[in-house]
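Read-outs throughout are calculated quantities, based only on the coordinates presented, and are distinct from any laboratory measurement. Just so it is clear, the model here is predicted, and its values are computed rather than measured. We place every Cβ from the backbone using ideal geometry, glycine too, and count neighbours over all the protein chains shown.
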């Protein structure tokens, strides 16, 4: 039976990879991922269905368009193959090799598997776009986050796969989400102003190509018509004061923190509110609802903690060094990881990612013809490593961080 599922998921993954190619190409260019149908970027001719079979058509056509004979990048078939391996490999890891505790049987835990598969596919898409354009497609992160929260709430996985939080922590998380919604409304109606909206795309200088050199990429014939990747960090040379701009983000987060603190005080200090809230979280009182409600809170808390690791670093780093630290796209990436995996995986991935980034920095020093890469791909790689080797990380970190175990079991107030 395992061979059947691995084969089917490999084929499904290849089809998803074909769709990811559309996402990676169109989203950064502001195009619809639905219309028009797949077509050759060179001649514009629609691609026939038999020329669009994942993992097959590219080789049959020998990497060229059937109509105009223009070469088709091998990246398309590579993405299809990589996605197929990721999806099938995830099944093999969870259900054959049992690299994670709590995975259970596939037919019973497939929503959890689907959420993790969506996460890996989404991370691949984000990494590819980030490498090429130095931006993160937020729509992909939002989709993965919604899938993670929905899957967790609809079919709660084992606590090893979605660490639970205490009722008080869950209340703080839900209140913080309401606070973020309030901030979005205030931004929508102009009460709050987004940060860095007035920053120029390149430093204010007489040099015609500063951003390209800052990004560590020399101009070539291949990319002369492509927009230069943005500067690694926005500074005062871009026409804004980064420290002042990042304070706008602090104001944006203020309602979330205020409501989270208020919710904590309500469910821990006000007797009748605390009793009612704990009843909703008690299986004895609320029945099966409590299990789904607890999983919802765990996914929401994971979303918030994942995003806050990056956002907090961004704010503190910008205030300390006077230039933009980290990107908002990275905030959404790690938030999506938390929505699917809970708060522990993004917390560990946050500290693992710098090691991969440092390895690439060594490569840059040794081979100067290599281009600098943004941070998003390293967050994606770190997440994959932590998802696969989570049990190893947890076993070694629990003696150092007893709080992790207490929160996972819901024993902290």
Ranked list, fewest to most other Cβ atoms within 10 Å of each Cβ, for 189, 264, 76: 189, 264, 76
Once you compute Rg and the Kirkwood Rh from C-alpha atoms, what is the Rg to Rh ratio for segment 115-163? 1.08
Taking a ≥ b ≥ c as the square roots of the Cα gyration tensor eigenvalues, with a/c under 1.5 meaning rounded and otherwise prolate when a/b beats b/c, else oblate, which class fits segment 2-133? prolate
In whole percent, what relative contact order does segment 2-133 give with Cα contacts below 8 Å and a gap of six or more residues? 34 percent
How far is the Cα center of segment 257-314 from the Cα center of segment 36-102, in Å? 42 Å
Least to most buried among 140, 250, by other C-beta atoms within 10 Å and fewest first, runs 250, 140
1, 8 arranged by Cβ crowding within 10 Å, fewest neighbours leading: 1, 8
